[in-house]
Amino acid sequence: MRMPLLFAVLLAAGAAPAADPVKFGDALNQKFHHPRCLQCHQFNSAAHQGRAYNTHSARYLCDKCHSANLTGLPRGEWIAPPEAMDWTSLNAQETCRLIKRNLSRGDLAANLREHLLRDVRIRWALDNGMTPGGRFPSVPGGYAEFARQAREWLDDGMLCE
Ligand code: HEC
Ligand code: HEC
């Protein structure tokens, strides 16, 4: 079988056609803006009517209800982030810059890799979704797809735009 000339030349040179580097907006941003991430990340935001301002206004001791046997998280890990980690209304570039700023103490790349691939709350959002009120839909694609997309983004230099 005859190969098209260009393909044959590329093969001979051992080169793959150059692909654009992966950006945060390509796939990850959509995952970050899924309700399973947002409902927790906007918990302490009045502007976005986070749960601290409506359904959960008088509640503390979070894992009395969000117990380990429901969520699969170790005790004490079901907690909401500070308002400075709310990216609800931000676009892809802004979301990307915000999480980098928030994880920039020490080695940013290592912090991002560790958090995206190992954080137990992220795992809950991707594969579990169980609350005291029942199971809410988890992020489509689950951990397997998220981890692949996160690694591609990290390996290509964590580009925001
Ligand atoms: C149960 C609540 C909860 C859920 C659900 C959750 N997070 Fe978080 N997230 C937190 C908390 C708390 C922190 C702060 C952790 C710390 O400082 O160690 C955090 C921190 C982060 C950070 C660090 C930087 C920053 O600005 O927030 C990233 C990135 C992140 N989460 C991504 C996600 C993604 C993506 C999802 C969904 C797939 C998600 N989180 C779901 C609670 C949650
Ligand atoms: C009295 C029991 C109770 C306590 C205490 C409690 N929750 Fe909840 N939580 C629920 C119930 C029930 C739901 C599901 C119904 C709803 O959406 O409000 C829920 C839902 C949530 C959700 C939405 C999950 C999603 O992805 O849609 C978040 C986030 C949340 N809780 C965080 C917290 C945090 C953080 C605390 C501690 C400050 C806390 N909860 C304390 C009962 C509780």
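The values are calculated or read from the model by the stated rules, or taken from the named source; none is laboratory data. Nothing here was measured: the structure is a model prediction, and the numbers come from that model. Heads up, the Cβs are rebuilt from the backbone with ideal geometry, glycines too, and the neighbour counts pull from every protein chain shown. Please note that ligands, DNA and RNA were not included when accessible areas were found on the heavy atoms of the full protein model with its side chains. Shrake-Rupley method; radii C 1.70, N 1.55, O 1.52, S 1.80 Å.
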Checklist line | Highest-first arrangement of 24-37, 97-110, where packing means the average Cβ count within 10 Å | finding: 24-37, 97-110
Note to self: Run the simple label-point estimate for residue 145 and residue 90 please: 7 Å along Cα→C-beta, distance reported in nm.
What the structure shows: 2.4
Check: Rolling a 1.4 angstrom probe over the protein heavy atoms, how many square angstrom per residue are accessible across segment 30-155?
Finding: 58
Next item on the list: Restricting things to alpha carbons, find the Rg to Rh ratio for segment 105-161 using the Kirkwood radius for Rh.
Entry: 1.06
Checklist line | Interchain or long-range residues, amide H under 5 Å from residue 130's placed H | finding: 136
Notebook entry, point to check: Leaving out same-chain residues fewer than 8 places away, which lysines sit with a Cα under 25 Å from that of residue 100?
Noted result: 23, 31
Checklist line | Normalised convex hull volume, segment 16-161, alpha-carbon set, Å³ per residue | finding: 115
Notebook entry, point to check: Of the heavy-atom accessible surface of the chain (probe 1.4 angstrom), what whole percent is carbon and sulfur?
Noted result: 56
